[in-house]
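The values are calculated or read from the model by the stated rules, or taken from the named source; none is laboratory data. All values derive from a computational prediction rather than experimental measurement. Cβ placement follows ideal geometry from the backbone for every residue including glycine, while neighbour counts extend to all protein chains displayed. All accessible areas refer to the heavy atoms of the entire protein, side chains included, with ligands and DNA or RNA removed. Shrake-Rupley method; radii C 1.70, N 1.55, O 1.52, S 1.80 Å.
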Amino acid sequence: MAANERDMTFLADMLRIRRMEEKCAELYGATKIRGFLHLYIGEEACAVGALHALTPDDNVVATYREHGHALVRGVPMESIMAEMFGKVTGCARGRGGSMHLFDAATRFFGGTAIVGGGLPVATGLALADEMRGDPRVTACFFGDGAVAEGAFHESLNLAALWGLPVLFICENNFYAMGTAIDRAHAQTDLTVKAAAYGVATASADGMDVLAVHEATTAAVAHVRAGKGPLFLELQTYRFRAHSMFDPELYRSKDEVEEWKRRDPIDIHAARLRERGELDDAAFAALDAAAEAEVAAAVDFAEASEWEDVGDLLLHVTGGRP
Ligand SMILES: Cc1ncc(C[n+]2csc(CCOP(=O)(O)OP(=O)(O)O)c2C)c(N)n1
Ligand SMILES: [Mg+2]
């Protein structure tokens, strides 16, 4: 793909995530989406830049803030939206909801609600590939908060010890719920912790989709070449609250405004305008396409059925076959 075509795709994908999640926030207020909902708004460059550096045969594991990752990975927006509504046409039959998007067809292995819970899953997937001789990379996304969990340390240690093909991608947004990173980590340079296990490390500006893409491309090459796991830190920021129940008393409005000046969509769009590859009409067309995709996804979710009550024990241990 030519660089300009690729860069337009990056912009389109960031807009698709942004518009989808803005609609999710609205639908949450209307109680169409219930339970927990964690928005990724502000962090879109991470998923877009990183996932475009993988092949469709690679594995992806993410967190509960994973709507954007699922979408860029290729899970249809209709299936994501139906899952959020709890409808049977959702990617997890409506049983997972926002935090448990899952789609084996695109090798998107969740969506997990447990902080750090994806790291052992990713390490296990990579071990399976290694034992079978499958030349895949497993990309595992998680937050700065997960680095304080035992699962992080156990996973990095084993992945390094066994030389497993895992790319650990830490989306460092400097907060774990309401706890700022320097209130929870004695060592706030998270790459130092990964390096302690003998894992190669890199960092990139998570607000710049091209910087993310470049760093991830190099990281994937390292892992695919059999050089073992790599820890990639992407420094980013969430513009919205942690979840829908968060009064945000732990950070100042000024700080949030400061980061919003580095909106990943604006940064990338400005770059394309400077290069003469984007004008108002082209931007409006991309935005309109994203809005139309969202509207169709919501219509699909609304029109879909709930799972039949008689089927509720399907796939449950001890339930009907
Ligand atoms: C094992 C575990 N402990 C605590 C929680 C509650 N919890 C949910 S999200 C979260 C913060 C995680 O922060 P981070 O990993 O930085 O991800 P972010 O939300 O910033 O994307 C916590 C503590 C949980 N879900 N799982
Ligand atoms: Mg965080």
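What the table below lists for this structure:
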item	result
Peptides 158-165, 138-145 ordered by average Cβ neighbours within 10 Å, highest first	138-145, 158-165
Counting DSSP beta bridges with both ends in segment 3-304, the antiparallel % (nearest 5)	10 percent
Global geometry of segment 268-318, whether rounded, prolate or oblate, following the gyration tensor of its Cα atoms and the 1.5 cut on a/c	oblate
Most positive-pole-ward Cα, V298, L314, I267, against dipole of segment 260-315 from beta carbon charges	I267
Computed over the chain: relative contact order in percent, which uses C-alpha pairs under 8 Å that are six or more apart	23 percent
Net charge, L127 excluded, C-beta distance under 12 Å - Lys, Arg +1, Asp, Glu -1	-1
D (Stokes-Einstein, µm²/s), Kirkwood Cα radius, segment 3-304, 1.567 mPa s at 4 °C	67 µm²/s
Inter-probe distance in nm under a simple model that places probes 7 Å from Cα toward Cβ, at M131 and E277	4.4 nm
Aspartates and glutamates with Cα under 17 Å of K87, excluding same-chain neighbours fewer than 8 positions away	E78, D103, D299, E302, E305, E307, D308, D311
Magnitude of the charge dipole, the chain, Cβ model with Lys/Arg +1 and Asp/Glu -1, debye to 20	700 debye
Rounded if a/c under 1.5, otherwise prolate or oblate - segment 77-177, Cα gyration tensor axes	oblate
Given charges at beta-carbon only (K, R positive; D, E negative), |dipole| of segment 230-321 in Debye	460 debye
Burial ranking of peptide ranges 104-115, 307-318 (average Cβ count within 10 Å, highest at the top)	104-115, 307-318
Apportionment of accessible area to carbon and sulfur, segment 19-167, percent (1.4 Å)	57 percent
Positive dipole terminus of segment 163-321, leading residue within V256, V192, S243 (C-beta point charges)	V192
